[in-house]
Amino acid sequence: MTENVARLRWAYESLLSEFGPQGWWPGGDSFEIMVGAVLTQNAAWRNAERAIGQMRERGALTPAAVAALPLDRLEKLVRPAGGWRRKARTLAALAETIESEKGGLAGLLSTDAGLLRQALLAIRGIGPETADAMLLYAGGHAVFVVDAYTRRFVERHGIADARAGYAEVQELFENALDHDAEAFAECHALLVEIGKRFCRPDPVCGECPLRKDLPGV
């Protein structure tokens with residue numbers, strides 16, 4: 001076991017003990033989770049929730065409903081999440097991709113994780129983080145999600161530097177957590193929690209439960 005793998009396991013176990021299971025993803029069925037992954041891009045979750053709520057009220061939270069909805073109406077529904085024109089087009093393309101799948105959403109999500117990831121990344125507006133959130137939380141695939149909170153944690157703790165690519169950071173966590181989808185979901189959520197409480201842009205290191213792992217402490 002490498003030193004960084006051991007440190008990441010310790011961090012995960014410490015955070016789980018400190019905060020308990022997070023029960024992520026906040027959302028309903030698989031399609032709603034995928035919608036949320038798009039809407040929360042560069043937006044606070046509360047704003048994404050407002051947009052999802054408007055879609056729910058209009059009966060527009062199924063792939064068929066989104067695919068059938070005029071783009072201007074979809075833009076109005078997702079406006080609270082910001083970037084509504086881009087996000088509406090991404091959701092429309094996602095819905096069309098699902099509707100074109102012979103087995104529908106279930107068939108798409110049961111696709112091999114690598115092939116599914118490629119299909120999602122081919123949709124304009126879906127990058128690695130969004131695709132991996134869909135794979136993990138909607139599809140149950142063992143793929144770790146690397147977000148800004150994750151990167152801030154690994155950089156401040158000296159586990160990876162700013163030059164490390166997405167795939168490099170992702171591999172660190174996937175090896176540390178034994179390619180376990182449930183552990184990936186919990187760890188990702190816990191890193192978001194510690195990022196909001198302590199590992200902020202202006203950090204509160206003295207109160208952080210992982211402070212003893214910081215370089216020089």
In degrees, nearest 10, the alpha-carbon axis of helix 166-176 is tilted away from the dominant principal axis of the alpha carbons of the chain by 60
Among 70, 21, 128, the residue with the largest mean-square fluctuation in a Gaussian network model of the chain built from Cα contacts under 10 Å is 70
Longest principal axis of the chain (C-alpha) makes with the long axis of helix 45-57 (C-alpha) an angle, in degrees to the nearest 10, of 20
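Going by a ≥ b ≥ c, the root eigenvalues of the Cα gyration tensor, does the range 121-172 fall in the rounded group (a/c under 1.5), the prolate group (a/b larger than b/c) or the oblate group?
Working: a/c = 2.52, a/b = 1.79, b/c = 1.41.
Prolate, because a/c is 1.5 or more and a/b exceeds b/c.
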Taking a straight Cα-to-Cα line shorter than 29 Å from residue 196, and setting aside same-chain lysines fewer than 8 residues away, one finds 87, 212
Computed over all unlike Cα pairs, the Kirkwood hydrodynamic radius of the range 30-138 in Å stands at 13.5
Tilt, helix 84-100 to longest principal axis of the chain (alpha-carbon atoms), in degrees rounded to tens, equals 70
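Given the Cα atoms of the range 50-90, and with Rh set as the inverse mean 1/r over their pairs in the Kirkwood sense, what is Rg to Rh to two decimals?
Details: Rg = 8.9 Å, Rh = 9.8 Å.
Rounded to two decimals, Rg/Rh equals 0.91.
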Kirkwood radius from Cα pairs of the range 131-217 plugged into Stokes-Einstein at 37 °C, 0.692 mPa s, gives D in µm²/s equal to 245
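Since every read-out is calculated from the coordinates, none of them should be taken as a lab result. Please read these numbers as outputs of a predicted model, since none were measured by experiment.
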